[in-house]
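Trainee: Below is a structure I'd like to ask you about.
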Amino acid sequence: MTSAILYLGTCMAFYILAIPLRKFKEKMKWLGPAQTVTVLCLVLTMGLRLGANDEVVNNLDSYGLYALVITIFTIAFSIVSVAIARRAMGIDQYGLMKNERVDLEMEEELEVIEEEVAEEEKGGFDRMTLWILLAVALGLALGYFLVRPQFNYENFERGAGLAITIELLILLVFVGLDLGLAGDVISNIKSVGVRVLVIPLVIEVGTLVGAAICGLFLPISLRESLAIGAGFGWYSLGAGLLMDAGLMTAGAISFMHNVMRELVSIIITPTVAKKIGFVEAVAAPGATGMDVCLPIITRSTSGNIAVYSFVSGFIISMSVPLVVPLFI
């Protein structure tokens, strides 16, 4: 719980700190690249730690299978949960209340969101995914061929654990600053209404139910399965928290699961939006609905769903450092 308070507190503190800095927003474009570099350093460190661990290396194939199973169950139960909640709240397939008319102010705000998303649609995901895969591969290779035969594992483990903690804190500093500078979290919530707050809660419940079911038949404990699912698609933070707690097996599965959740979500989002509902498309990616998967969701649905996606992703992301430690 101490770690949860530290991580969440760091993010919120820098969110608040960024509010008076909004007038300098144009001079802080370095935050995006800084986040990318930090994520890659974190992923590289996790790869090193995994590659240096004999148990993880010898079981990568089975861990990948466990991660895939958890991914399928968590996404499926998230979508079903949102479908039930949407109908209960009287929201139609397109994310609107019955006979709802979007006022001019909301339309203008959604147009701004769509314009911002359109700028990110081309190339961003593929490049980032490639860099992440390369960082993981490099980390695994260095950990296996260099660290494992040359360093005392216990000493390296302590150093890598400290490095992951520091990198997590730096990442959350940048995330807090970025969200604080944007300054549109509250306005996005107001534009759609209180009902948008129900969606992330339902996604989290569906995810944890799916993870719990996996914990009943996979050869991992129920607590580990829930902790893995509680990453909610945030591969760097979810896996980092588990590794920071010394749970290497769960951390390895968590990393692969959350990466798979992102990839699978991007593939199935158009089909989910067309066959099931626009709001349900927000359920699959979880935390990444606010960034990586936001362009895909907006392109596959409509402008007003961008609000659902961003707000849900934001709230889910903020809950990761709180929920994961509950199951560790």
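Trainee: Rounded if a/c is under 1.5, else prolate if a/b beats b/c, else oblate: with a ≥ b ≥ c from the C-alpha gyration tensor eigenvalues square-rooted, which is the range 187-328? Mind dumping the intermediate values first?
Mentor: Numbers: a/c = 2.07, a/b = 1.74, b/c = 1.19.
It is prolate, given that a/c is not under 1.5 and a/b is the larger ratio.
Trainee: Once amide H atoms are built 1.01 Å from N in the peptide plane, which residues 5 or more positions from Asp92, or in another chain, come under 5 Å H to H?
Mentor: Placed amide hydrogens put Met97, Lys98 under 5 Å from Asp92.
Trainee: Within the range 133-184, what whole-number % of the accessible surface is contributed by carbon and sulfur, with the 1.4 Å probe and all protein chains included in the calculation?
Mentor: Numbers: 1840 of 2670 Å².
The computed percentage sits at 69.
Trainee: Here is a follow-up. With θ set to phi - 60°, apply the Karplus curve 6.51 cos²θ - 1.76 cosθ + 1.60 along the range 146-152 and write out the HN-Hα couplings as whole Hz, x wherever there is a Gly or Pro.
Mentor: Per-residue couplings from phi come out as 10, 5, 4, x, 9, 10, 5 Hz.
Trainee: Cα centroids of the range 269-294 and the range 10-37: how far apart, whole angstrom?
Mentor: Comparing the Cα centres of the range 269-294 and the range 10-37, I get a distance of 27 Å.
Trainee: What accessible area per residue, rounded to a whole number of Å², is obtained for the range 188-328 using a probe radius of 1.4 Å? Don't skip to the answer; put the middle values down first.
Mentor: Working: 4050 Å² over 141 residues.
Computed with neighbouring chains in place, this is 29 Å² per residue.
Trainee: Once a ≥ b ≥ c are taken as the square roots of the eigenvalues of the Cα gyration tensor of the range 136-179, is the result rounded (a/c under 1.5), prolate (a/b larger than b/c) or oblate (a/b not larger than b/c)?
Mentor: Numbers: a/c = 6.48, a/b = 2.12, b/c = 3.06.
Oblate, because a/c is 1.5 or more while a/b does not exceed b/c.
Trainee: Per residue, how much accessible area does the range 1-76 have with a 1.4 Å probe, in Å²? Provide the component values of the computation, followed by the final result.
Mentor: Working: 3960 Å² over 76 residues.
Per-residue accessible area for the range 1-76 comes out at 52 Å².
Trainee: Follow-up question, since we're still on this one. What FRET efficiency would be calculated for the residue pair Leu222, Leu263, taking the C-beta separation as r and a Förster radius of 22 Å, to the nearest 0.05? Can you show the working numbers first?
Mentor: Values: r = 26 Å, r/R0 = 1.18.
For Leu222 and Leu263, the calculated efficiency is 0.25.
Trainee: Still on this model: Want the number for Tyr94 to Leu162: 0.36 nm per residue separation, take away the alpha-carbon distance, what's left? Working shown, then result.
Mentor: Numbers: separation 68, 0.36 × 68 = 24.48 nm, distance 4.61 nm.
That works out to 19.9 nm of additional length.
Trainee: With each label point set 7 Å from Cα along the Cα-Cβ vector, what nm distance links Lys25 and Asn58?
Mentor: According to this spin-label approximation, the distance is 5.4 nm.
Trainee: Moving on. Taking the Cα of Leu17, stepping 7 Å toward and past its beta carbon, and measuring to each backbone N in the range 35-49: which are under 15 Å?
Mentor: 35
Trainee: As an exercise, use a Förster radius of 41 Å and the Cβ-Cβ distance of Val194 and Gln150 to find the FRET efficiency, rounded to the nearest 0.05. Before the final figure, lay out each step's value.
Mentor: Working: r = 57 Å, r/R0 = 1.38.
About 0.15, to the nearest 0.05.
Trainee: Then there's this: In whole Hz and in residue order, list the ³J(HN,Hα) couplings for the range 268-280 that follow from phi through the Karplus curve 6.51 cos²θ - 1.76 cosθ + 1.60, θ = phi - 60°; x for Gly and Pro.
Mentor: So the Karplus estimates, Gly and Pro as x, are 8, 3, x, 5, 4, 4, 6, 8, 10, x, 5, 5, 4 Hz.
Trainee: Hey, if we sort Tyr66, Tyr153, Tyr94 by accessible area with the 1.4 Å probe, largest down, what's the order?
Mentor: Numbers: Tyr66 45, Tyr153 80, Tyr94 120 Å².
Correct descending sequence by accessible area is Tyr94, Tyr153, Tyr66.
Trainee: Compute the Cα gyration tensor for the range 207-247, then decide on rounded, prolate or oblate, letting a ≥ b ≥ c be the square roots of its eigenvalues: rounded whenever a/c is under 1.5, prolate when a/b is larger than b/c in the other cases, and oblate in all that remain. Can you show the working numbers first?
Mentor: Numbers: a/c = 3.03, a/b = 1.47, b/c = 2.06.
Because a/c hits 1.5 or more and a/b fails to exceed b/c, the range 207-247 counts as oblate.
The values are calculated or read from the model by the stated rules, or taken from the named source; none is laboratory data. Just so it is clear, the model here is predicted, and its values are computed rather than measured. Quick reminder, even Gly has a Cβ in these numbers, built from the backbone with ideal geometry, and neighbours come from all protein chains shown. Just the protein is used for accessible areas: all its heavy atoms, side chains included, with ligands, DNA and RNA removed. Shrake-Rupley method; radii C 1.70, N 1.55, O 1.52, S 1.80 Å.
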